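For reference, the structure discussed in these notes is given below.
The values are calculated or read from the model by the stated rules, or taken from the named source; none is laboratory data. These numbers come from a predicted model, not from an experiment. Here Cβ is always computed from backbone atoms with ideal geometry, including for glycine, and neighbour counts include all displayed protein chains.
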Amino acid sequence: MRDLTLAMRRRTDVLTTLFFFIIVVSLFPLGAGTEKMILMKIAPGVAWVAALLASMLALERLFASDFADGTLEQMLLTPQPIFILVLGKVFAHWLLTGLPLVFIAPLVGLQYYLPDEAVSTMMLALLIGTPILSLVGAIGAALTLGLRGGGILLSLLILPLYIPIMVYGAGVVSASATGTTDLQAYFSILSGFLILALVLSPIATAAALRISVE
Amino acid sequence: MSINWFKYSSPTTFYPLAGKMIPFFGWLTALLTIGGLYWGFFETPDTLSDQKEYYRIIYIHVGAAWMSMWLYIMMAAWALAGLVFQTRLSYMIASAIAPTGAIATFLALWTGAFWGKTSWGTWWDWDPRMTSELILLFLYMGYMALQSAIDDPRRADRAAALLALVGLVCVPIIFWSINCPNPNECAALHQTSKPGGGNMDPNILIAMLVVALAFWMYSFVAVLMRVRNIILERERHTTWVNEMLEDKQ
Amino acid sequence: MLEITNLTCSRGDRQLFTGLNFSLKPGSLLYVEGRNGTGKSTLLRAICGLFLADSGDILWDGKNTQSLAEDYTKEVVYLGHHNGIKDDLSGLENLRISTVLDGDDVTEEQIWNALKKMGLKGFEDLPTKVLSQGQKRRVALARLLLNSSKLWILDEPFTALDVAAVDLLQSVIADHISKGGMVVLTTHQEVALTAGQIQRLELGKKKNKNV
């Protein structure tokens, strides 16, 4: 079933999100100056903000085309529990937009002179964090389905909810770059968020879809 | 004696009831505000630890901050009631609370900025509680934006209600994450909840509580009035509204 | 058996219908009639569970459809104004996906046959975006042939179809009824039945007091 969702999405633009991420990340040194110390300091925050925006950009399309052509209605009427379908769609969305960011992270490390350990920490943090972004964002995408200016509204609704992920996601990278504290606690918290999001978000998204499709 | 609560869950019966309650809460608001502020301005010491007269903004600041959080919880509670019982009135109350909550949040931030400027010498600091309050303002804004973006009132109600609930689940997590960005030092980072520690003059505390209560009563008034407006607007096509309007003319 | 009791639906602040009652037995066809804007589509959407009614119950075999949830949606096929097919995928892929999601065990050959029966021979492999409106509708209708659901809810199924396809769909519907199925549809086309009975429901006749 998931493969099907994937197959449906296959042709849509994965690369756009990826390049968006790279461009945003590359813009910061141009704006903030190319001094090595500053760049190292802002790198985790920049990477995460760019990740948030990139995932946000892609979220708008998560349900939109299905909504427009009526396939979403059909999905709601299948004998499958909706939250499973939602989970499938979100997973597909993450594979196409979240996962690539994990692999592109070393590039950020290069641009911002991050030490190797910090880069691997960032990859791991993104690996845990980006699915949460997709899951939480799905609720917003479902709520703003088919609305005028849905994209901007979506960011207004969802960005505040992304804060904890960003705080710890960026925090762990900083901590690893300075090598001061134990990283275990950060990852436990991020994983906790992931589990929470996995359990609650599909239910909320399913409810939101029912409301929006009406 | 058992009261049939659901009787009042219909907009038709709630409208006059709300009308009767408004003056009551209105007077309470006036009394408590005057009493609390009088107490705060004249019966309390001139200084709070090292702060001079300007600390008196505390009476508005703290009350507004408390209300901002309490109202969010109330809004989410009514939203939940709406989703569970499918009562239109619950949604109306939830959406009537939002602007008052947003105003309280804004007021808390605003007075906080003035206070901060005089006592810390800065309008804004990325202090955890200020940041949390700012996020709360964003959440209120999101709720109202979503509600107004959807044309169909029923979808708007239900979508915004769901958003309020999602927000309610996320709020503790957000606040907590802002409070201790480094999980290893979380235990050590304990916020003192009163500026100046625990040795505050009891008079200050009393005045603060009375004004906070006044804020609460004010919220009742504002919310009830707004609910009445929403009811009129939503039910403008129904016979009872039209009959009532004709009576008044 | 499908039973509707005391159903009230509104859109925005306009009440579409109040206190609607009817029931539908196996082997019967229900025409929902009425002018534009009387709530035909809303009623159909309410029956299949996409629209939440203000009050009233929709019962399937005596049980509330909301609590039946997936056990009910399994019995329903809905075809609305949208075709519910993906433009980027071929008719074949579209049907494969929908049958899997519907939980029906359908072989590749059956899908080919269904498309062939709908007059889409030679178009099976093309992405549906290159097909005409009528052909897309045919792809969507092919789902009916592959589905084991008892209740068909069809909102204007004949739009965009040519004469041959209309005939075809009529026979498909008649066939379904004769096998003990149920069909609820809005249309201006009559369907000649070989078996079963026809019911009619006209919306918008009573003057709604709130409009």
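Quick rundown of the values:
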read-out	value
Where residue B:129 falls short, out of the listed (1) within 19 Å of the chain's Cα centre (by Cα); (2) surrounded by 17 or more Cβ atoms within 10 Å (Cβ to Cβ)	(2)
Selection status of residue A:156, without any contact (Cβ under 8 Å) to a residue 40 or more places away in the chain and either at the interface with chain B (Cβ under 8 Å from one of its Cβ atoms) or assigned to a helix (DSSP H, G or I) (or both)	yes
Residues of segment B:164-177 satisfying the condition of being facing chain A (nearest Cβ under 10 Å), within 17 Å of residue A:210 (Cα to Cα) and touching a residue at least 60 places away in the same chain (Cβ under 8 Å)	B:165
Unmet criterion (only one of (1) assigned to a helix (DSSP H, G or I); (2) surrounded by fewer than 20 Cβ atoms within 10 Å (Cβ to Cβ)) for residue B:151	(1)
Count - residues of segment A:167-191 that are closer than 14 Å to residue A:136 by Cβ and surrounded by fewer than 21 Cβ atoms within 10 Å (Cβ to Cβ)	0
The one condition in (1) surrounded by fewer than 18 Cβ atoms within 10 Å (Cβ to Cβ); (2) within 11 Å of chain A (Cβ to nearest Cβ); (3) more than 18 Å from the chain's Cα centre (by Cα) that residue B:119 fails to fulfil	(2)
Residues of segment C:61-85 satisfying the condition of being closer than 15 Å to residue C:6 by Cα and buried (at least 16 other Cβ atoms within 10 Å of the Cβ)	C:65
Segment C:42-66, residues that are charged (D, E, K, R) and either away from chain A (no Cβ under 11 Å) or farther than 18 Å from residue B:154 by Cβ (or both)	C:54, C:57, C:61, C:63
Helices (runs of 4 or more DSSP H) within segment C:67-167 that include 1 or more residues within 12 Å of chain A (Cβ to nearest Cβ)	C:70-73, C:91-102, C:133-146
Given (1) within 25 Å of residue B:164 (Cβ to Cβ); (2) within 13 Å of chain B (Cβ to nearest Cβ); (3) surrounded by 20 or more Cβ atoms within 10 Å (Cβ to Cβ); (4) in contact (Cβ under 8 Å) with a residue 60 or more places away in the chain, number of the condition residue A:146 does not satisfy	(3)
Residue satisfying all of: in segment B:137-160; aliphatic (A, V, I, L, M) and facing chain A (nearest Cβ under 9 Å); farthest from residue B:108 (Cα to Cα) among these	B:150
The listed residue being buried (at least 24 other Cβ atoms within 10 Å of the Cβ), facing chain B (nearest Cβ under 8 Å) and modelled with pLDDT of 90 or more, out of A:139, A:132	A:139
Any hit, segment A:59-70, residues being touching a residue at least 60 places away in the same chain (Cβ under 8 Å), over 30 Å from residue C:104 (Cβ atoms) and either away from chain C (no Cβ under 14 Å) or touching a Pro at 6+ places or on another chain (Cβ under 6 Å) (or both)	yes
Residues located in segment C:18-56, provided they are over 25 Å from residue C:177 (Cβ atoms) and in a strand (DSSP E or B)	C:18, C:19, C:55, C:56
From the options A:64, A:68, A:51, residue that is crowded, with 22+ Cβ neighbours inside 10 Å, at negative phi and in a helix (DSSP H, G or I)	A:51
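Yes/no matrix, rows are residues, columns are (1) closer than 26 Å to residue C:79 by Cβ; (2) of a type outside the set (Lys, Arg); (3) over 14 Å from the mean Cα position of the chain (by Cα):
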residue: A:64; (1), (2), (3): yes, yes, yes
residue: A:76; (1), (2), (3): yes, yes, yes
residue: A:89; (1), (2), (3): yes, no, no
residue: A:92; (1), (2), (3): yes, yes, no
